[in-house]
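The values are calculated or read from the model by the stated rules, or taken from the named source; none is laboratory data. Small disclaimer: the values here were computed from a predicted structure and weren't measured. Every residue, glycine among them, receives a Cβ derived from its backbone with ideal geometry; neighbour counts consider all protein chains shown.
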Amino acid sequence: MSYDVIVIGSGPGGYVCAIKAAQLGLKVAVIEKRATYGGTCLNVGCIPSKALLHASEMFHHAAHGMDSLGIEIAAPKLNLEKMMAHKEATIKSNVEGVSFLFKKNKIDGFIGTGKIVAAGKVSVTAEDGKVQELETKNIVIATGSDVAGIPGVNVEIDEKVIVSSTGALELDKVPQNLIVVGGGVIGLELGSVWLRLGAKVTVIEYLDKLLGGMDADVSKQFQRMIAKQGMDIRTEAKVTAVEKTETGAKVTYEPVKGGDAVTFEADVVLISTGRKPYTEGLGLEGAGVALDNRGRVEIDHGFKTNVAGIYAIGDVVKGPMLAHKAEDEGVALAEILAGQHGHVNYDVIPGVVYTQPEVASVGKTEEELKAAGIAYKVGKFPFTANGRARAMQVTDGFVKILADKETDRVLGGHIVGFGAGEMIHEITVLMEFGGSSEDLGRTCHAHPTMSEAVKEAALSTFAKPIHM
Ligand SMILES: Cc1cc2nc3c(=O)[nH]c(=O)nc-3n(C[C@H](O)[C@H](O)[C@H](O)COP(=O)(O)OP(=O)(O)OC[C@H]3O[C@@H](n4cnc5c(N)ncnc54)[C@H](O)[C@@H]3O)c2cc1C
């Protein structure tokens, strides 16, 4: 069989690239080694985590957020099996949606492990060992990423007691004690799920703050809020051992600044110290495809590897490991393969942490602007001064906007607060169009909405806020 494009991997990068290429008239096949399409994101990542984040938040709200609104209800009872069934049903409807879109766009799907034999040739090995060889003009590597482990520490993940995010999404009971190694997005989201359901959660982080790359104001405020919710946060702590015990597991860490080692016991330990590009068994060495010093497939601005006809996108290449970044690369590459001019604006890729409150950010942080020597101005507005936030009892957090001091062009936006993950997009669109804080501050916003805080933060950037 012969194709214009064969995509290896059906995550947000791969499946979106395949659909767009087919829409543009190319003959496309996708190879996926999981039983279902959708990659990490739909099967064991974004989608199941958000199903559990939502359900656990509802549980927590029913237990703690109703009385103050004048709604007196009995303490809610957790049915974890049913909550997990909700998560499974959510995954199923999403992965089936991808299968449907493949059929609709006449994309051939192959379940099996894809291997690049040479430029233009890919083999697919099915689970029963049957091998098929396919020919193609272009190969797209979209094989994503896998759990990275703790640098320098030998950890055996059994997905029961010592778990990765995949195991943490499938626990059959609420742990009494959960230790989260790594205070990044995935650890904090999944830690929040089990905290809300009743676990005592301890987060151990090497850096001096949670959410490493975020604006320092944001991560400081976030850390205060999450600690208030009951999460035990240990920063500047270097984990040196994770071992199984008779009753669970123990984690040892040493304070980064020196001092005695501390050992904690827990019934479950989540290792969430990051992810690494996944290229195992792909035949890259044989095909001569170069990797960079972090094991990522090396590409140029057009997603081209060093071998003609072989391209790569998503978590397996440089850039933030985010589903929407992979998707945008998928679209851009499909356009390039169809003879158009696809491109991704890496300066305007939002990032969201789906905790409660949410954290959302786009563009530069204040620290990045300082480091780059760019003169900037800051506008900030707290949700305590927003009418809708008061009405909904969600006054934690703020909006922060960073704009160029001379031109007023918005360079970054950061929000901590209820619904931050939705509100960030008005700053994202503004930035994509090169807008200024005055453009945003003079745009009429419906009242009363949380988004008025975004407008007020913009007003504070170029003039003065009204409600503060
Ligand atoms: C718990 C968790 C929560 C997350 N939440 C979010 C979120 O809320 N928002 C967000 O933007 N991102 C989130 N992410 C990150 C997101 O999942 C990734 O950025 C995204 O999935 C990357 O897409 P991709 O297409 O590059 O690769 P993937 O989604 O990893 O897909 C790659 C696919 O390739 C397949 N594959 C690999 N090798 C082969 C081979 N040789 N042959 C055939 N198939 C192969 C794999 O089986 C996999 O299905 C989360 C990740 C995790 C783990």
Among the residues of the range 83-97, is there at least one that is out of contact with any Leu (no Cβ under 9 Å at 6 or more places or on another chain), charged (D, E, K, R) and closer than 22 Å to Ser165 by Cβ?
-> yes
Which residues, taken from the range 223-262, are part of a loop (DSSP other than H, G, I, E, B) and not charged (D, E, K, R)?
-> Gln229, Gly230, Met231, Thr235, Thr245, Thr247, Gly248, Val256, Gly258, Gly259, Ala261
When every residue in the range 166-222 that is part of a helix (DSSP H, G or I) and among the basic types (Lys, Arg) is compared, the one surrounded by the most Cβ atoms within 10 Å (Cβ to Cβ) is Arg196
In this structure, does Ala290 turn out to be within 12 Å of the ligand (Cβ to nearest atom) and at pLDDT 95 or above?
-> no
Check Ala391, Ala371, Ala385 and return the single one that is without any contact (Cβ under 8 Å) to a residue 12 or more places away in the chain and out of contact with any helix residue (DSSP H, G or I) (no Cβ under 7 Å at 6 or more places or on another chain).
-> Ala371
Which one of these is touching a residue at least 60 places away in the same chain (Cβ under 8 Å), surrounded by fewer than 21 Cβ atoms within 10 Å (Cβ to Cβ) and assigned to a strand (DSSP E or B): Lys106, Lys115?
-> Lys115
Could you pull out every one of the strands (runs of 3 or more DSSP E) wholly within the range 353-468 that has 2 or more residues that are charged (D, E, K, R)?
-> 376-382, 398-404
Hits in the range 338-352 (condition: hydrophobic (A, V, I, L, M, F, W, C), touching a residue at least 24 places away in the same chain (Cβ under 8 Å) and assigned to a loop (DSSP other than H, G, I, E, B)) | Ala338, Val348, Ile349
Of a type in the set (D, E, K, R) and under 20 Å from Val268 (Cα atoms) - does that describe any residue in the range 216-224?
-> no
Restricting the search to the range 288-310, which residues are among the aliphatic types (A, V, I, L, M) and within 10 Å of Ala119 (Cβ to Cβ)?
-> Val289, Val307, Ala308, Ile310
Go through the range 1-60 and give me each residue that's surrounded by fewer than 23 Cβ atoms within 10 Å (Cβ to Cβ), among the β-branched types (Val, Ile, Thr) and either over 15 Å from Gly109 (Cα atoms) or near the ligand (Cβ under 8 Å from one of its atoms) (or both).
-> Val44, Ile47
Residue among Leu169, Leu197, Leu210 that is modelled with pLDDT of 95 or more and within 16 Å of the ligand (Cβ to nearest atom) = Leu169
Per the filter on the range 429-468, residues of a type in the set (Val, Ile, Thr), within 27 Å of the chain's Cα centre (by Cα) and surrounded by 18 or more Cβ atoms within 10 Å (Cβ to Cβ) are Val454
Which listed residue is in contact with a Lys or Arg (Cβ under 8 Å, 6 or more places away or on another chain) and either modelled with pLDDT under 95 or within 16 Å of the ligand (Cβ to nearest atom) (or both), from Ile349, Ile313 | Ile349
Out of (1) at pLDDT 95 or above; (2) within 23 Å of Lys380 (Cβ to Cβ); (3) under 18 Å from the mean Cα position of the chain (by Cα), what's the single condition that is false for Gly182?
-> (2)
Residues in the range 58-80 that are without any contact (Cβ under 8 Å) to a residue 12 or more places away in the chain and more than 22 Å from Phe418 (Cα to Cα): how many?
-> 5
Please work out which one of (1) out of contact with any helix residue (DSSP H, G or I) (no Cβ under 9 Å at 6 or more places or on another chain); (2) at pLDDT 95 or above; (3) not assigned by TED's automatic domain parsing to the domain that holds Glu298 is the condition Thr136 fails and give its number.
-> (3)
Picking from Val297, Val262, Val289, which residue would you name as being in the same structural domain as Gly213 (by TED's automatic domain parsing) and out of contact with any Gly (no Cβ under 7 Å at 6 or more places or on another chain)?
-> Val262
Considering only residues of the range 293-310 that are buried (at least 23 other Cβ atoms within 10 Å of the Cβ) and not in a loop (DSSP other than H, G, I, E, B), which is farthest from the ligand (Cβ to nearest atom)?
-> Ile310
